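Trainee: Sharing a structure with you now.
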Amino acid sequence: MAPERRRDHLIATALQIYSRRSPQEVSVDDIVEEADVSRALFYRYFTNIRDLHITALSKVVDELLVELTLPSSGDFRADLHTALERFLEFAETYAASYTALLRSGSTIATSNTSTLVERVRKHVVDQLREHLGLDEAPRALERTLRGWVAVVETTLLSWLQDRDMGKEQLEAWLTDQLFAMVASTARHDPASAERLRPLLDPPTA
């Protein structure tokens, strides 16, 4: 096997294991046993288990950010639904990688893994703000957008385990969740209400 393929094989093995167990519980021995390689080969490509962990999750994030870019049709609800559809397809296809990313963010308190998870969250919030036509959001609205991202994260992690509703239903539900959350924020925060008026009170024909 070519060196690059060996390295990719170790990364893929790590992500598979991380989807079943907390990354902090995984050792080099666990990786080499499942990958059916020697410890010497592992250390040829990675300095230690943390090096592999960061490399693997960085790969996940690069792929995930592509899927989390909203289209621009001019219809925010439709664009959000389309982005969620693509995101769910990614999460379903790469369930091990997505699960590993979220588990890392919640169980591994290191600056590197926290940066990776925050990179995804910031990208989503930036996308939402941009599609709402906001260069800068009021603080209450910013908290709302970040709160919705947390709802999506926890919901998808649960859904990947249970699959207790169809994807279309989940996409529609998460879309409605965001609209309900920003509407609530608008009721309680005049600054947000003013900025959200075009979304919440679209012009009538």
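FYI, it's all coordinate maths here, none of it is from the lab. Nothing here was measured: the structure is a model prediction, and the numbers come from that model. Counting neighbours? That spans all protein chains shown, and the Cβs are built from the backbone with ideal geometry, glycine included.
Trainee: In segment 146-178, which trypsin sites (Lys or Arg not before Pro) fall in coil by DSSP and have 16 or fewer other Cβ atoms within 10 Å?
Mentor: Details: sites: Arg146, Arg163, Lys167; in loops: Arg163.
The qualifying sites are Arg163.
Trainee: How would Trp173, Trp159, Trp148 line up from fewest to most surrounding beta-carbon atoms within 10 angstrom? Display every interim value, and only then the final one.
Mentor: Numbers: Trp173 12, Trp159 17, Trp148 20.
Ranking Trp173, Trp159, Trp148 by Cβ neighbours within 10 Å, fewest first, gives Trp173, Trp159, Trp148.
Trainee: Suppose each label sits 7 Å from its Cα in the direction of the beta carbon; what would the Ser72-Asp126 distance come out to in nanometres?
Mentor: 1.5 nm
Trainee: Determine the gain in length on full extension of the stretch Arg119-Glu194; use 0.36 nm per residue of separation and subtract their C-alpha separation, reporting nm with one decimal.
Mentor: Values: separation 75, 0.36 × 75 = 27.00 nm, distance 2.86 nm.
Difference between extended and current length: 24.1 nm.
Trainee: Hey, of [x] 28, 18, 16; [y] 38, 16, 14; [z] 24, 21, 18, which did the structure itself give for semi-axes √(5λ) of the Cα gyration tensor in Å when calculated?
Mentor: Working out semi-axes √(5λ) of the Cα gyration tensor in Å from the coordinates points to [y].
Trainee: ³J(HN,Hα) across segment 51-58 via Karplus (A = 6.51, B = -1.76, C = 1.60, θ = phi - 60°), whole Hz, x for Gly/Pro?
Mentor: Per-residue couplings from phi come out as 4, 5, 4, 5, 4, 5, 6, 5 Hz.
Trainee: May I pose another question? Using a basic spin-label model with each label point 7 Å from the Cα along Cα→Cβ, how many nm lie between Phe179 and Val151?
Mentor: Result for the modelled spin labels: 1.2 nm.
Trainee: Which FRET efficiency value, to the nearest 0.05, is calculated for Glu25 and Leu134 with the Förster distance at 30 angstrom and r the Cβ-Cβ distance?
Mentor: Details: r = 41 Å, r/R0 = 1.38.
Computed FRET efficiency for Glu25 and Leu134 comes out at 0.15.
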